[in-house]
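Structure, as structure tokens:
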Amino acid sequence: MKCPHDPFQEHRHKEPVLPCDFQGETVPMILRHADLRDACKDWQTYSSDAPFRVPIPSEEDLRRMRQLPIEVDPPEHTEYRKLVEPFFKRAKDPEVISRVESLIEEFLTKSQSMDEIEIVRDFALPIQSRALTYLLDMPESEADIWTGWGIHVFKDGEDGEQKGNVLEEYLDEQFDRAEANPGDDFFSALTKATFQGRPLNREEMMGFGNLTFAGGRDTVIHSISGIISYLAEHPEALDYLRESPKHVVTASEEFFRVITPLTHIGRTCPVETDVHGFTVKPKGRVSLCWSSANNDETVFDSPEEIRLDRKPNPHVAFGFGSHLCLGAAHARLIVRTLLQKICDRDVKIDLKSAQEHMETEAEYTRSVGYDSLVVSIQ
């Protein structure tokens, strides 16, 4: 993995926003690091209270419920978030950490026993799915179902609406099961949860479930594939990483900055708003461009370089402000464990073939991970 081309560099130098067409709507992309962080903190001006329209492109045709807590503003967002935070904080629990370590060891051992392995679907996807069972306190066997949904729950090479329905059916079954026989798992907790003094309704439960399985899934997978590719092209990096566990931490953050698997996310303006010289009409959208902000030269020295010792590293790959990614600790645990376990082994990673995943819009094209990455780990 070479440092991806920054398609926003020229625009960022000239103007603070880049108007870009998405589904017939002209959306200004906020490009600069400081402007983006300011917008993240100003939820009254840049609102997340926009069902289906926070992702860009929007997902009106892919799902039927508001994703929670990401598609609401404070203070409701804060209260909703508290209902599920204990599960996502499990990524810092020693028992979960130990299980993720064993999981990574298992897949590295399996990979070394094979002549070659396809990283995206046969390595990253099942690791992401099985690690998620640890967070949600679900049987590990459920990961086989989740892995079968592919890289993206809605868009993995099939009709999006059809795949969305498959997810909805699964969530309904799990909530029915949890209501009949409650346990300590994620689904049971939601059937017992209350919001503003009342039980959650089924649509709210489904909103949490939808985000849990659709959000952050492909981003973790693309992060893993990007890292494996880099280590194949730069075997000397392992020598640096082996020097200290602290190097694994700084390198992980640099990989998140460089890869930035989620290019941007949407907000809506409740009233007509001047966004750095671009007029957004009431209920019009704005893009918070994480990728551009993570390459802002006023914040990151030589951002085009991959510096595994970069510190400080105020990247925004997990967002910023109240809507900071719920799964950030989970992603960090997987990536740091992967790097450490590779360092613990005397292995060489050879790149056999690679097909980059390209995100193409009218105004930009950027590489985001891989559709296929075949390597040998020996």
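The values are calculated or read from the model by the stated rules, or taken from the named source; none is laboratory data. Please read all numbers here as calculations on a predicted model, not as lab measurements. We place every Cβ from the backbone using ideal geometry, glycine too, and count neighbours over all the protein chains shown.
Among the numbered conditions (1) over 23 Å from P19 (Cα atoms); (2) in contact (Cβ under 8 Å) with a residue 60 or more places away in the chain, tell me where R285 comes up short.
(1)
Residues to consider are F195, F278; find the one that is out of contact with any Lys or Arg (no Cβ under 8 Å at 6 or more places or on another chain) and surrounded by 17 or more Cβ atoms within 10 Å (Cβ to Cβ).
Checking each option against the conditions leaves just F278.
Can you work out which of the residues in segment 33-80 that are among the basic types (K, R) and touching a Phe, Trp or Tyr at 6+ places or on another chain (Cβ under 8 Å) is surrounded by the most Cβ atoms within 10 Å (Cβ to Cβ)?
Filtering first and then ranking leaves R63.
Whether any residue in segment 336-358 is of a type outside the set (A, V, I, L, M, F, W, C), buried (at least 17 other Cβ atoms within 10 Å of the Cβ) and under 30 Å from V27 (Cα atoms) is what I want to check.
yes
Any idea which of G226, G209 is closer than 25 Å to V374 by Cβ, at pLDDT 95 or above and surrounded by 22 or more Cβ atoms within 10 Å (Cβ to Cβ)?
G226
Here's the yes/no breakdown for (1) farther than 21 Å from L333 by Cβ; (2) aromatic (F, W, Y); (3) in contact with a strand residue (DSSP E or B) (Cβ under 6 Å, 6 or more places away or on another chain):
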site	(1), (2), (3)
A232	yes, no, yes
E253	no, no, no
I259	no, no, no
C269	yes, no, yes
G277	yes, no, no
P282	yes, no, no
A293	yes, no, no
F300	yes, yes, no
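Kindly indicate which of S322, S372 is at pLDDT below 95 and touching a helix residue (DSSP H, G or I) at 6+ places or on another chain (Cβ under 9 Å).
Result: S322 is the single residue among S322, S372 that is at pLDDT below 95 and touching a helix residue (DSSP H, G or I) at 6+ places or on another chain (Cβ under 9 Å).
Just to be sure before I move on: is P28 part of a strand (DSSP E or B), in contact with a Phe, Trp or Tyr (Cβ under 7 Å, 6 or more places away or on another chain) and under 27 Å from F8 (Cα atoms) in the structure I sent?
So P28 fits the description; yes.
Could you tell me which of the residues L103, L18, L36, L83 is assigned to a helix (DSSP H, G or I) and touching a Cys at 6+ places or on another chain (Cβ under 9 Å)?
L36
What are the residues in segment 320-378 that are within 30 Å of E85 (Cβ to Cβ) and of a type in the set (F, W, Y), if any?
Answer for segment 320-378, where residues must be within 30 Å of E85 (Cβ to Cβ) and of a type in the set (F, W, Y): just F320.
Taking the condition outside any strand (DSSP E or B), aromatic (F, W, Y), within 20 Å of L132 (Cα to Cα) and out of contact with any Leu (no Cβ under 7 Å at 6 or more places or on another chain), does F213 pass?
Criteria not met by F213.
Would you list the helices (runs of 4 or more DSSP H) that sit entirely within segment 230-310 and hold 3 or more residues that are over 23 Å from T219 (Cα atoms) and not hydroxyl-bearing (S, T, Y)?
In segment 230-310, 236-242 are the helices (runs of 4 or more DSSP H) which contain 3 or more residues that are over 23 Å from T219 (Cα atoms) and not hydroxyl-bearing (S, T, Y).
Going by the structure shown, is P28 in contact with a strand residue (DSSP E or B) (Cβ under 6 Å, 6 or more places away or on another chain) and surrounded by fewer than 18 Cβ atoms within 10 Å (Cβ to Cβ)?
no
If I filter segment 119-159 down to residues being in contact with an Asp or Glu (Cβ under 7 Å, 6 or more places away or on another chain) and among the charged types (D, E, K, R), which single residue comes out as nearest to E101 (Cα to Cα)?
Only one residue tops the list, namely R130.
Going by the conditions given, is I334 aliphatic (A, V, I, L, M), closer than 28 Å to E105 by Cβ and within 16 Å of the chain's Cα centre (by Cα)?
yes
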